[in-house]
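Enquirer: The structure under discussion is supplied below as structure tokens; questions concerning it will follow.
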Amino acid sequence: MAIIETANLTYTYPGSTRSSLQDVTIEIKKGEFVVLTGPSGCGKTTLCRCFNGLVPHFYGGELQGDVTVTGLNVTQQAICDLAQHVGLVFQSPENQLFALSVEKDVAFGLENLGIPRDEIQKRVDWALRMTGITNIRERAPHELSGGQQQRVAIACVLAMQPDVMILDEPTSFLDPVGAQKIFDVISRLNKDLGITTILVEHRLDLAGKFANHVIVMDEGKVMLDGEPRGIFTSEDARLIGVGIPKATRLYQVLREKGVSLKRIPMNPEEAARSLREVLTLD
Amino acid sequence: MSVFEGFKFRRVYSPIHQLDPRVKFFYVLAIFVIAIMFNQLLPLILLFLIQLPFVFIAGVQREWIRSLRGALLFATMIFVFNFVFTYFWTEYPLLPSPSLLEHSIAMTLRFIVLVESFSVFFLTTSPDHLGLALEQSHVPYEFCFAFTTAVRFVPVLAEEAQTIMDAQKARGLELERGNFIKKVKNYIPVLIPLIVSAIRRSLELAEAMESRAWGATKKRTNLYVLRMKRGDYVLILISATILILAAYFWIFYREQIPLLSSLLIPLRLAAA
């Protein structure tokens, strides 16, 4: 069942002459882990903003075509109604936290919705537990590391129990270890709670292995859309400049040299296994 | 900056920190009113001393002293102005006498008492609590939110200002050169990027707020509520008592409050 559908979506920011999205038609199914990638300025972020109504309600501009998220037509819904179904985590961790304690920040969305206090308390506890930050619940945001801040941001969105969670390059300000932790949290939420996840990411070495659906964009258009192994090994993806996982790249290089692995590896472990198979055959 | 240093909240848990900010504000207000009521040295000294236990119970002596030290410049100015202006501008000019000196000291002490009480308030009240108190006093939520968010971004902006300063210095900007006006002008290349980035930050912030259902309902709920506890009632009682006593003395004995210098003269005579 499709949870997000766009049909011929074209969007232009106010004051801009070029469309940031051109004729985008995609379908995302419930429970999928989508990795949305492509070079900078290709319209990934704009597409994410379409899913929770920031485009067009917050930004204005001109939108043609249809966007349907969890059965709601985005152009006809207020952002605050969409926010209950779609959670958006932004790139910069510190600019999405505005309260003076973690707990209060996580409660912010729920307070806005007017949910009773004991229910808020319950959901805040739950969200903190799911993201593994119960121990820092009383700290102020500026006392936290970037990775912790980003996990707080995820908890904030999670507490609202969304059907879809969108993360717009959540790890670009983090070190590899922090990034790994964020990805672990995201993939756990996707697997255990069945939250449809859309992850915008450049660095696919860490994120690629979680995906079961990859969308590659370039210059406002969807260039490739489908199953990750197929896309990562395609020549097009490399030419667009997608940072395909190194293990997959190794597969490509070996294929060019005449060595073909049985399976397309997505991470070093898989690559090692496939290589061992080839080596023992010889 | 040093004056503001004394108003920076540090997270500690003391009986004073646990008090309801509204009650603490009532206490500060009481001190404020009394300090304005009296202009003699003796009651102002009492007012100064009466606040010391609060500082010690809250365990914020160091920050408190720092805030007083920050107020030193203003205090000196107030003292000098009072001394000079009372000398020249009163109808029956007081000669540079002990009583004029005492009057100037009293005015200075009045200022210090005000700084003292407000600094105790801000040192022991978390901004979060303050925002909550505003909210529960029926201040529109937009204002409370603006307040807490402003407080939350103070350290972020301070850090950013430092980064920009370092970056501009690395490009050869000299901040400490020239006379006063030149020095102020030197800061323009720091201010402009700071303002631009703050505006950009505010846009991102607005986006994040919208994405978390800002304005979904008029009847917003709150994770925390302030409830009055026993300590709060005790402080109300203390503040009210001080206020009533002060009012009583002000009404009946205002004119009879002795000058400290007049108490000293007999001593001096006795010594002679």
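The values are calculated or read from the model by the stated rules, or taken from the named source; none is laboratory data. Just so it is clear, the structure is predicted and the values come from calculations on it, not from any experiment. Neighbour counts run over all protein chains shown; Cβ positions are idealised from the backbone, glycine included.
Enquirer: Under the condition of being polar (S, T, N, Q) and within 12 Å of chain B (Cβ to nearest Cβ), which residue from region A:99-153 is surrounded by the most Cβ atoms within 10 Å (Cβ to Cβ)?
Expert: Of everything passing the filter in region A:99-153, A:Gln149 is surrounded by the most Cβ atoms within 10 Å (Cβ to Cβ).
Enquirer: I'd like to check something: does region B:127-146 contain any residue that is surrounded by fewer than 16 Cβ atoms within 10 Å (Cβ to Cβ), at negative phi, at the interface with another protein chain (Cβ under 10 Å from one of its Cβ atoms) and over 22 Å from the mean Cα position of the chain (by Cα)?
Expert: No, there is no match, as no residue in region B:127-146 is surrounded by fewer than 16 Cβ atoms within 10 Å (Cβ to Cβ), at negative phi, at the interface with another protein chain (Cβ under 10 Å from one of its Cβ atoms) and over 22 Å from the mean Cα position of the chain (by Cα).
Enquirer: Okay, moving on. Specify which of the listed residues (A:Gly258, A:Gly220) is at positive phi and not assigned by TED's automatic domain parsing to the domain that holds A:Glu32.
Expert: When all the criteria are applied, what remains is A:Gly258.
Enquirer: Kindly indicate whether B:Ile251 is in a helix (DSSP H, G or I), buried (at least 17 other Cβ atoms within 10 Å of the Cβ), β-branched (Val, Ile, Thr) and away from chain A (no Cβ under 14 Å).
Expert: Considered against the rule, which asks whether it is in a helix (DSSP H, G or I), buried (at least 17 other Cβ atoms within 10 Å of the Cβ), β-branched (Val, Ile, Thr) and away from chain A (no Cβ under 14 Å), B:Ile251 comes out as no.
Enquirer: Working only within region B:170-196, note down all residues that are among the aromatic types (Phe, Trp, Tyr) and surrounded by fewer than 10 Cβ atoms within 10 Å (Cβ to Cβ).
Expert: Result: B:Phe180, single match.
Enquirer: Still on this structure, I have one more. List the residue pairs whose Cβ atoms are under 8 Å apart, where the first residue sits in region A:7-23 and is closer than 11 Å to A:Gly220 by Cβ, the second is of a type in the set (Ser, Thr, Tyr) and surrounded by fewer than 13 Cβ atoms within 10 Å (Cβ to Cβ), and the two are 6 or more positions apart or on different chains.
Expert: Once the first residue is closer than 11 Å to A:Gly220 by Cβ and sits in region A:7-23, no partner that is of a type in the set (Ser, Thr, Tyr) and surrounded by fewer than 13 Cβ atoms within 10 Å (Cβ to Cβ) comes close enough.
Enquirer: Output the residues belonging to region B:21-47 that are under 12 Å from B:Ile242 (Cβ atoms) and touching a Lys or Arg at 6+ places or on another chain (Cβ under 7 Å).
Expert: Passing the criteria: only B:Ala35.
Enquirer: What are the residues in region B:173-221 that are hydroxyl-bearing (Ser, Thr, Tyr), in contact with an Asp or Glu (Cβ under 9 Å, 6 or more places away or on another chain) and at the interface with chain A (Cβ under 9 Å from one of its Cβ atoms), if any?
Expert: Of everything in region B:173-221, just one residue is hydroxyl-bearing (Ser, Thr, Tyr), in contact with an Asp or Glu (Cβ under 9 Å, 6 or more places away or on another chain) and at the interface with chain A (Cβ under 9 Å from one of its Cβ atoms), namely B:Thr221.
Enquirer: Restricting to region B:222-248, and then to whatever is touching a Lys or Arg at 6+ places or on another chain (Cβ under 8 Å) and touching a residue at least 60 places away in the same chain (Cβ under 8 Å), can you tell me which residue is farthest from the other protein chains (Cβ to nearest Cβ)?
Expert: Among those that are touching a Lys or Arg at 6+ places or on another chain (Cβ under 8 Å) and touching a residue at least 60 places away in the same chain (Cβ under 8 Å), it is B:Leu235.
Enquirer: Further question: Just to be sure, is A:Arg238 within 26 Å of the chain's Cα centre (by Cα), in a helix (DSSP H, G or I) and modelled with pLDDT under 85?
Expert: It is true that A:Arg238 is within 26 Å of the chain's Cα centre (by Cα), in a helix (DSSP H, G or I) and modelled with pLDDT under 85.
Enquirer: I'd like to check something: does region B:59-79 contain any residue that is modelled with pLDDT under 90, surrounded by 14 or more Cβ atoms within 10 Å (Cβ to Cβ), under 26 Å from B:Ile236 (Cα atoms) and of a type in the set (Phe, Trp, Tyr)?
Expert: The answer is yes; a qualifying residue exists.
Enquirer: While we're on this one: Taking A:Leu193 as meeting all but one of (1) outside the structural domain of A:Ser172 (by TED's automatic domain parsing); (2) of a type in the set (A, V, I, L, M); (3) surrounded by fewer than 17 Cβ atoms within 10 Å (Cβ to Cβ); (4) under 29 Å from A:Val24 (Cβ atoms), write down the number of the exception.
Expert: Condition not satisfied by A:Leu193: (1).
Enquirer: A:Leu199 - would you say it is of a type in the set (A, V, I, L, M), surrounded by fewer than 17 Cβ atoms within 10 Å (Cβ to Cβ) and under 28 Å from A:Ile26 (Cα atoms)?
Expert: no
Enquirer: Residues to consider are A:Arg238, A:Arg263, A:Arg229, A:Arg273; find the one that is crowded, with 16+ Cβ neighbours inside 10 Å and of a type in the set (D, E, K, R).
Expert: A:Arg229
Enquirer: For residues that are surrounded by 14 or more Cβ atoms within 10 Å (Cβ to Cβ) and of a type in the set (D, E, K, R), tally how many sit in region A:1-20.
Expert: 1
Enquirer: Continuing with the same structure: Which number in (1) touching a helix residue (DSSP H, G or I) at 6+ places or on another chain (Cβ under 9 Å); (2) at pLDDT 95 or above marks the one condition that A:Lys122 misses?
Expert: (1)
Enquirer: Within region A:80-98, can one find any residue that is outside any helix (DSSP H, G or I), more than 10 Å from every other protein chain (Cβ to nearest Cβ) and closer than 30 Å to A:Lys209 by Cα?
Expert: Yes, region A:80-98 has at least one match.
Enquirer: Please pick out the residue among A:Val157, A:Val185, A:Val216, A:Val177 that is within 19 Å of A:Cys50 (Cα to Cα), touching a helix residue (DSSP H, G or I) at 6+ places or on another chain (Cβ under 9 Å) and part of a helix (DSSP H, G or I).
Expert: Just a single option satisfies the conditions, and that option is A:Val157.
Enquirer: Right, B:Ile238: part of a helix (DSSP H, G or I) and assigned by TED's automatic domain parsing to the domain that holds B:Ser117 or not?
Expert: yes
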